[in-house]
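Asker: Have a look at the structure that comes next, please.
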12 protein chains.
Amino acid sequence: MNEKVFKKIRVVGCSPESYQKAVESAVVKAGASVHGMAWFEVVELRGAIQDGKASEWQATVEIAFKVE
Amino acid sequence: MNEKVFKKIRVVGCSPESYQKAVESAVVKAGASVHGMAWFEVVELRGAIQDGKASEWQATVEIAFKVE
Amino acid sequence: MNEKVFKKIRVVGCSPESYQKAVESAVVKAGASVHGMAWFEVVELRGAIQDGKASEWQATVEIAFKVE
Amino acid sequence: MNEKVFKKIRVVGCSPESYQKAVESAVVKAGASVHGMAWFEVVELRGAIQDGKASEWQATVEIAFKVE
Amino acid sequence: MNEKVFKKIRVVGCSPESYQKAVESAVVKAGASVHGMAWFEVVELRGAIQDGKASEWQATVEIAFKVE
Amino acid sequence: MNEKVFKKIRVVGCSPESYQKAVESAVVKAGASVHGMAWFEVVELRGAIQDGKASEWQATVEIAFKVE
Amino acid sequence: MNEKVFKKIRVVGCSPESYQKAVESAVVKAGASVHGMAWFEVVELRGAIQDGKASEWQATVEIAFKVE
Amino acid sequence: MNEKVFKKIRVVGCSPESYQKAVESAVVKAGASVHGMAWFEVVELRGAIQDGKASEWQATVEIAFKVE
Amino acid sequence: MNEKVFKKIRVVGCSPESYQKAVESAVVKAGASVHGMAWFEVVELRGAIQDGKASEWQATVEIAFKVE
Amino acid sequence: MNEKVFKKIRVVGCSPESYQKAVESAVVKAGASVHGMAWFEVVELRGAIQDGKASEWQATVEIAFKVE
Amino acid sequence: MNEKVFKKIRVVGCSPESYQKAVESAVVKAGASVHGMAWFEVVELRGAIQDGKASEWQATVEIAFKVE
Amino acid sequence: MNEKVFKKIRVVGCSPESYQKAVESAVVKAGASVHGMAWFEVVELRGAIQDGKASEWQATVEIAFKVE
C-alpha cells in the first residue's frame with residue numbers, strides 16, 4: 001500500500017566549530033534511537049558567546065524518519 | 001486532581017488519494033505507539049508531482065495525546 | 001462612490017465528514033446573521049480524535065462581507 | 001555532478017468543486033510551461049462566496065521543478 | 001568532545017489555577033519519562049471557559065533535554 | 001446533526017494587577033454580550049509603563065463561543 | 001475600577017486613491033456601528049489591477065474600541 | 001469550464017517619492033512581460049537612507065495574473 | 001508639533017518566581033538607562049529547568065520610550 | 001578589509017498626517033544620535049483614532065546604520 | 001528616472017557538501033536565464049539523510065534581479 | 001538576588017567569505033561597545049550578488065548581553 005507515514009523529532013545540535021557540524025551531530029545522535037531517517041529541516045540557528053567571541057554553534061533541526 | 005498533561009508528536013501522513021486520507025493515515029499510525037490521542041492540528045500541506053500531475057498528498061499533523 | 005468596506009468575522013466550522021463540509025457549514029451558519037458575504041480565508045485546520053481515529057474536522061475561516 | 005537546482009513558481013488554482021481539484025488544476029496548468037515538476041507546497045487556502053454559499057475553492061501552491 | 005545534543009518534546013500542561021501551574025505541571029510530568037531537562041519555551045497559551053469564566057489555563061511548552 | 005459552528009471574537013483585557021486578571025476580565029466582559037463561550041487563545045501580551053514601572057497588563061484573547 | 005476591556009474587529013477598506021483613504025474609510029464605516037474606537041493596526045495591504053494599473057488600494061485593519 | 005488558474009510573481013518597485021509610486025511602478029513594469037494582471041499583495045516595505053533622510057521607498061509586491 | 005518618536009529596546013528579564021516578576025524586573029532595569037518609557041510588548045517566554053523543575057522564568061520584552 | 005558591520009535600532013514614528021511623514025520623522029530623529037544610516041524596514045503600521053477618525057499614523061521601522 | 005524595478009525568483013540549490021555550495025549553485029544556475037542579479041535572501045534550509053547521515057544540503061533562496 | 005537582566009541588540013555582519021565569518025564579525029564588532037555578551041540568535045541570512053556570483057554573505061544576529 002502507498003500510504004507512507006513519517007514521524008518528526010526536534011533535535012538541537014551544538015558544535016564548537018560550525019553549523020554544519022552541529023547539524024551533522026544532531027542527525028547522527030538522533031540516528032542512535034530511530035531508524036529510517038529521511039530528511040531534516042533547520043528550525044533555528046543560535047549560538048553561545050564566550051570572551052567576546054562566538055564559541056558554540058547551535059542548530060535546531062526537525063528530523064523526519066519513516067514509520068514501518 | 002485537575003492538572004491534565006498532553007504530549008504532542010509530529011507525524012507526516014502521505015496518501016495517493018487525498019489530504020483527508022493522509023491525515024487519517026497519520027492518526028491511525030500514530031495510534032500504534034501512543035494511547036489517549038485527543039486532537040490534531042494540521043501544520044503543513046505538501047505533495048509530490050509525477051508525470052506532470054499531483055501524485056501524492058502529504059499532510060504534517062501535530063497529534064496530542066493524554067499522559068496518564 | 002468607490003470606497004467599498006468589508007467586515008471580517010472568524011468562524012470555526014466542525015464536521016464529522018470533511019474539511020470541505022466544515023467550511024461550507026461555517027459559511028452557511030455565518031450567513032444567518034450577516035449579508036453580502038464575498039470571500040473567505042482558511043486560517044486553521046484542526047480535528048478531534050476518538051477511539052484512535054480522526055472523528056471531527058474543524059476549519060477556522062475568516063469570512064468577509066460587504067458593509068452597506 | 002550532484003548539485004541539483006530547482007526553481008519554484010507560485011500558482012493559484014480555482015475550482016467550483018474542491019481544494020483537491022484546485023491544486024490538481026494548478027499543477028496541470030503549470031506543467032504547460034515548465035518541465036520536471038517535482039513537488040508542491042500549499043501556501044494559502046481561500047474561497048469565494050455567492051448567494052451565501054462557498055462557491056469557489058482557491059488554493060495557492062508553490063511548485064518546484066528541476067532546472068536542467 | 002564538545003558536541004552536545006538536546007532533544008525537544010512538546011507538552012501541554014493544563015491547570016485550573018494559572019499558567020504558571022500549567023507550565024510547572026508540564027515540566028514535572030515530562031520529567032517522568034525523560035532525564036536531563038535543561039530549558040523550555042512557551043509555544044502557545046490557551047484556556048477553557050465554563051459558565052462564562054476562564055476555568056482552565058493551558059500552556060504548550062517545548063522542553064529540551066540533553067541526550068547522553 | 002453533528003455540524004457545530006463557533007464564532008470567535010478578539011477582546012483586549014487590561015488589568016493593573018496581572019495577565020491572569022486581564023484575561024479573566026476579557027472573558028467576563030465578552031460574556032455580557034455572547035453566550036456559549038467555550039475556549040480562548042492568547043494572541044498578544046503587552047503592557048503600559050508609568051513612572052518607570054509596569055503599570056498595566058494587557059492581554060489580547062480570541063474567544064470562541066458556540067452558535068446555536 | 002481599572003479593568004478596561006476593548007473589542008477588536010477586522011475591516012477591509014478599499015479606495016481608488018490610496019491606502020490612507022482606504023484606512024480612513026474603514027475607520028469611518030466601522031464607526032457607524034461601534035463607539036469608543038481607540039486605535040487600529042494594519043493587518044494586510046493588497047490591491048486590484050485593471051488595464052495593467054493598480055486601480056484599487058485595499059487595507060485590512062483591526063480596529064479596537066472600548067467596551068463600556 | 002470554471003477552473004481558472006493564476007500565476008504570481010514577486011516584484012520590487014522603488015521610488016524616490018512614495019510607496020504608492022513604488023507599487024504603481026512595480027505593477028506597470030510587470031505588465032510589460034505578463035498579461036491579465038488581476039491583483040497584488042504587499043509583501044514587504046523597506047527603504048534607503050541618504051544624508052540622514054529616507055531617500056527611496058521600496059515595496060515588494062506579489063502580482064497575480066491569469067493564465068489562459 | 002505633533003510628530004512624536006519612540007525608540008524600542010529588547011530586554012530579557014529573568015526571575016526565579018514568575019513571568020510577572022521577570023517582566024517587572026526587565027522594565028525597572030531598562031529604566032536605569034532610558035527615560036520616558038511608555039509601553040512594552042512580550043516577545044518571548046522561556047525558562048530554565050533544574051532538578052526536573054521550572055527554576056527560572058525568562059521574559060523577553062520590547063520596551064518603547066519617548067525620544068525628546 | 002571587507003567585513004562591514006551594521007547595527008539596527010527600532011524606532012516608532014508618529015504623524016498626524018501620513019505614514020510617509022511618520023517614517024521620515026523616525027529616520028530624522030534616529031539620525032540625531034547615530035551616523036551612517038543606510039536603510040530601513042517597516043516592521044509595523046498602527047494608528048490612533050479620535051472622534052471616530054484616524055488621527056495619528058504610527059510606523060515602526062528598523063533602521064540600519066554602519067558601525068565604523 | 002529613478003524608479004528602478006527588480007523581479008524575484010525562488011530557487012532551491014542542493015549540494016552534497018555545504019549550504020554555502022548550495023546557495024552558490026542556486027545563484028549560478030539562476031544566472032543562466034536572468035541578468036542583473038543583485039541580491040538574495042535565504043528562505044529555507046533543509047537537507048536529505050542517507051544511511052543515518054546528512055547527505056545533501058538544500059537551500060531555498062529568493063534572488064532579485066534588475067528589470068531593464 | 002537572582003533577577004538577571006539581559007539586553008539584546010541587532011547587528012548585521014557581512015563577509016566576502018561565509019556566513020560563519022559574517023556572524024563572528026558581527027559578534028566581535030558588537031563586543032567593542034557592550035560587555036557581558038552571552039548568546040546570539042540568527043535572525044536573517046541574505047547576500048549580495050556581483051557578476052552572477054554570491055559575493056557577500058550577510059547575517060543578521062540578535063546578540064544578548066548581561067546588564068550589571
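What follows draws every value from the coordinates through simple rules; no lab data is involved. Quick caveat, the model's predicted, so the values are computed rather than measured. So basically every Cβ, Gly included, is an ideal-geometry build from the backbone, and we count neighbours across all protein chains shown.
Asker: May I ask you to say which residue of A:SER33, A:SER55, A:SER25, A:SER15 is in contact with a helix residue (DSSP H, G or I) (Cβ under 7 Å, 6 or more places away or on another chain) and of a type in the set (S, T, N, Q)?
Answerer: Answer to the selection: A:SER15.
Asker: Something else now. Just to check your reading of the model, which residue among D:VAL43, D:VAL67, D:VAL23 is of a type in the set (Val, Ile, Thr) and in contact (Cβ under 8 Å) with a residue 60 or more places away in the chain?
Answerer: Result of the check over D:VAL43, D:VAL67, D:VAL23: D:VAL67.
Asker: In the stretch B:9-22, what count of residues is obtained for those that are in a loop (DSSP other than H, G, I, E, B) and more than 7 Å from every other protein chain (Cβ to nearest Cβ)?
Answerer: Total satisfying the criteria: 1.
Asker: With in contact (Cβ under 8 Å) with a residue 12 or more places away in the chain and of a type in the set (D, E, K, R) as the only criterion, which of K:LYS53, K:LYS7 stands out?
Answerer: Every option except K:LYS7 fails the conditions.
Asker: Is at least one residue of the stretch F:3-18 among the β-branched types (Val, Ile, Thr) and surrounded by fewer than 17 Cβ atoms within 10 Å (Cβ to Cβ)?
Answerer: Within the stretch F:3-18 (the criterion being among the β-branched types (Val, Ile, Thr) and surrounded by fewer than 17 Cβ atoms within 10 Å (Cβ to Cβ)), the answer is no, since none of the residues qualifies.
Asker: In the stretch G:23-62, what residues are assigned to a strand (DSSP E or B), within 24 Å of J:GLY52 (Cβ to Cβ), among the hydrophobic types (A, V, I, L, M, F, W, C) and at the interface with another protein chain (Cβ under 7 Å from one of its Cβ atoms)?
Answerer: Of everything in the stretch G:23-62, those that are assigned to a strand (DSSP E or B), within 24 Å of J:GLY52 (Cβ to Cβ), among the hydrophobic types (A, V, I, L, M, F, W, C) and at the interface with another protein chain (Cβ under 7 Å from one of its Cβ atoms) turn out to be G:MET37, G:ALA38, G:TRP39, G:PHE40, G:VAL42, G:LEU45.
Asker: Restricting to the stretch G:1-49, name every residue that is under 21 Å from F:LYS7 (Cβ atoms) and β-branched (Val, Ile, Thr).
Answerer: Of everything in the stretch G:1-49, those that are under 21 Å from F:LYS7 (Cβ atoms) and β-branched (Val, Ile, Thr) turn out to be G:VAL5, G:ILE9, G:VAL11, G:VAL12, G:VAL34, G:VAL43.
Asker: Would you point out which residue out of F:GLU56, F:GLU62, F:GLU41, F:GLU24 is among the charged types (D, E, K, R) and under 24 Å from I:HIS35 (Cα atoms)?
Answerer: F:GLU56
Asker: Can J:SER33 be described as under 24 Å from I:ARG10 (Cα atoms), crowded, with 23+ Cβ neighbours inside 10 Å and among the polar types (S, T, N, Q)?
Answerer: In short, no.
Asker: Would you point out which residue out of K:SER18, K:SER25, K:SER33, K:SER55 is over 23 Å from D:PHE40 (Cα atoms) and hydroxyl-bearing (Ser, Thr, Tyr)?
Answerer: K:SER18
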